[in-house]
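Engineer: Can you keep this structure in mind? I'll have questions shortly.
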Amino acid sequence: MPSPIQRRTFVQLAAAAGFGAAAGRGFSFAPKYNDDALLDDLAHRCFNYFAEAMHPETGICKDLIHGDPADSEKKQDDDRGSTGVTGFAVTAMCIGAERGWISRQKAKDNVRHVLQSYTNGKAVAEHGWFYHFNDVKTGARWKDVEMSTSDSIWLLASALTARQYFHEDHEIGDLATLLYSRYDFPWMTNGDGKLLSHGWRPEGFIALRYEKYCQLAAMYLLGIGSPTHPLPPDAWYAWKRDPNSYSTYNYIGTSLLWTYQYPFAWFDFRGKRETRGDKTDWWANCETATRAHREWCYTDMAKQFPQSYTKDIWGITSSSSPKGYKAWGGPPKHSQPDGSIIPCAAGGSLMIAPDICIPTIHALKDKFGDKIWGKYGLADAYNPTTGWVSQDTLGLDVGMTLLAAENLKTGNLWKWFMANPEPQKAMELAGIEKV
């Protein structure tokens, strides 16, 4: 892996900019006078999505919000909730209460509604796991979607975050504990005992397993830490560490950029590494993957789309597109990017590499302005070549941007989540220790 950026003056610069959590990470860049104000504004706008998208009775959060009423009429999906987005909404309530964007009591009530819905049977469960999409009003399965391992994990991580943040509320704590106790991790391995399936349908398990690097870190650690249905500790080492190289960067994973973000918003890997196998430092791996992605955008992808990507404007990860949702990115290239800039690529990596991500947030807002800066922050996707701007706001994308901005500024999510005994136990059992 490339050597870390020299510390030089970042501690002083970060303190001046107000980024206490980033200080000491070894980044060096010249902040603008309004970095704090920009990121606070962005985070607040992202939070507003969840304040508006959570159902007032069930707490289940909409998967997306259409900016064009015609899309709502055409697609008939305004009532489609998402278990994963609902998870991000729970964490958002903790951030909003801490920041004063919502009253603590209202935030607690919203979280309580979620946890009640996911423990009292309103949100349909199987062996403790939940459907990817559900009806925001009834909790019923949305069409023929799967019980999603990934989405269920973001809900669980957020429930544990809320258990610690709203520690004075015993009902929230009890409901979060009950929720965790029902996740049957061995069952979700479909007989393997270690490797988790991507999910389950009434017709049977999905054949694909989480068997190589992707967004799996939180899945396996929460499984290992389960107080009732745990995975064995060596499940952490059962999946493949597929190597990737780009330019001078060497790291693990050929996956999309968001997989280097989501699990690490809750689990604090900073200053830790494995004590077995290759003794990987997963936090350094995320940082390297982020820098490799940026360089890939402004070199290889810029050759194909010179109007889109520069050193300061970059980012391609799963997002909306004119042809529907796309899982695109690289390196190596996934799907066929069309020149769209995906702001949550840099937004979701703010906590990982602020020296390259903060300038990108500035550059996007300064160059494209109100075309992409709106009610819920930055647009989900924008194509400078065609002028297309996504009219949809996706909960996962604004959610990860919000969480990353909060961790950069305060480190609060790491503090709240890691105060739980289960994540601490899981990392210890997996041999992930301070260095």
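The values are calculated or read from the model by the stated rules, or taken from the named source; none is laboratory data. Fair warning: this is a prediction, and the values are worked out from it, not measured in the lab. Backbone-built Cβ (ideal geometry, glycine too); neighbour counts: all protein chains shown. Note: areas computed on protein heavy atoms with side chains; ligands, DNA, RNA excluded. Shrake-Rupley method; radii C 1.70, N 1.55, O 1.52, S 1.80 Å.
Engineer: Let me confirm something: among 373, 388, which residue is under 23 Å from residue 96 (Cβ atoms) and open to solvent by 10 Å² or more (accessible area, probe 1.4 Å)?
Structural biologist: From the options 373, 388, the qualifying one is 373.
Engineer: Another one. Within the group 386, 410, which residue is out of contact with any helix residue (DSSP H, G or I) (no Cβ under 6 Å at 6 or more places or on another chain), among the hydroxyl-bearing types (Ser, Thr, Tyr) and closer than 23 Å to residue 367 by Cα?
Structural biologist: Residue meeting the stated conditions: 386.
Engineer: Here's another thing I want to ask about it. Mind checking which residues of segment 308-343 are open to solvent by less than 10 Å² (accessible area, probe 1.4 Å), farther than 18 Å from residue 371 by Cβ and among the aromatic types (Phe, Trp, Tyr)?
Structural biologist: 328
Engineer: Could I ask something else about it? Condition (residue is buried (at least 17 other Cβ atoms within 10 Å of the Cβ), closer than 22 Å to residue 215 by Cα and not acidic (Asp, Glu)) applied to segment 361-368: is it met by at least one residue?
Structural biologist: No, the conditions are met nowhere in segment 361-368.
Engineer: Return the total of residues in segment 283-320 being in contact with an Asp or Glu (Cβ under 7 Å, 6 or more places away or on another chain) and part of a loop (DSSP other than H, G, I, E, B).
Structural biologist: Of the residues in segment 283-320, 1 are in contact with an Asp or Glu (Cβ under 7 Å, 6 or more places away or on another chain) and part of a loop (DSSP other than H, G, I, E, B).
Engineer: Let me ask another. Can you tell me which residues in segment 58-76 are part of a strand (DSSP E or B) and either β-branched (Val, Ile, Thr) or out of contact with any Asp or Glu (no Cβ under 8 Å at 6 or more places or on another chain) (or both)?
Structural biologist: Residues satisfying the conditions are 61, 65.
Engineer: Now for a separate question. Give me a count of the residues in segment 198-250 that are open to solvent by less than 30 Å² (accessible area, probe 1.4 Å), in a loop (DSSP other than H, G, I, E, B) and farther than 14 Å from residue 151 by Cα.
Structural biologist: 6
Engineer: Is one or more of the residues making up segment 343-366 touching a residue at least 12 places away in the same chain (Cβ under 8 Å) and under 23 Å from residue 133 (Cβ atoms)?
Structural biologist: Yes; the residues of segment 343-366 include at least one that is touching a residue at least 12 places away in the same chain (Cβ under 8 Å) and under 23 Å from residue 133 (Cβ atoms).
Engineer: Of the conditions (1) without any contact (Cβ under 8 Å) to a residue 24 or more places away in the chain; (2) of a type in the set (Ser, Thr, Tyr); (3) within 25 Å of residue 421 (Cα to Cα), residue 275 clears all except one; give me its number.
Structural biologist: (1)
Engineer: Could you pull out the residue among 71, 63, 79, 35 that is acidic (Asp, Glu), open to solvent by less than 10 Å² (accessible area, probe 1.4 Å) and out of contact with any Pro (no Cβ under 6 Å at 6 or more places or on another chain)?
Structural biologist: Answer to the check: 35.
Engineer: Still on this structure, I have one more. Going by what's in this entry, would residue 258 be described as assigned to a helix (DSSP H, G or I), in contact (Cβ under 8 Å) with a residue 60 or more places away in the chain, buried (at least 21 other Cβ atoms within 10 Å of the Cβ) and not aliphatic (A, V, I, L, M)?
Structural biologist: Yes: the conditions hold for residue 258.
Engineer: Looking at segment 84-197, what helices (runs of 4 or more DSSP H) fall wholly within it and have at least 2 residues that are farther than 23 Å from residue 216 by Cα, at pLDDT 95 or above and of a type in the set (Asp, Glu)?
Structural biologist: Answer list for segment 84-197: 170-182.
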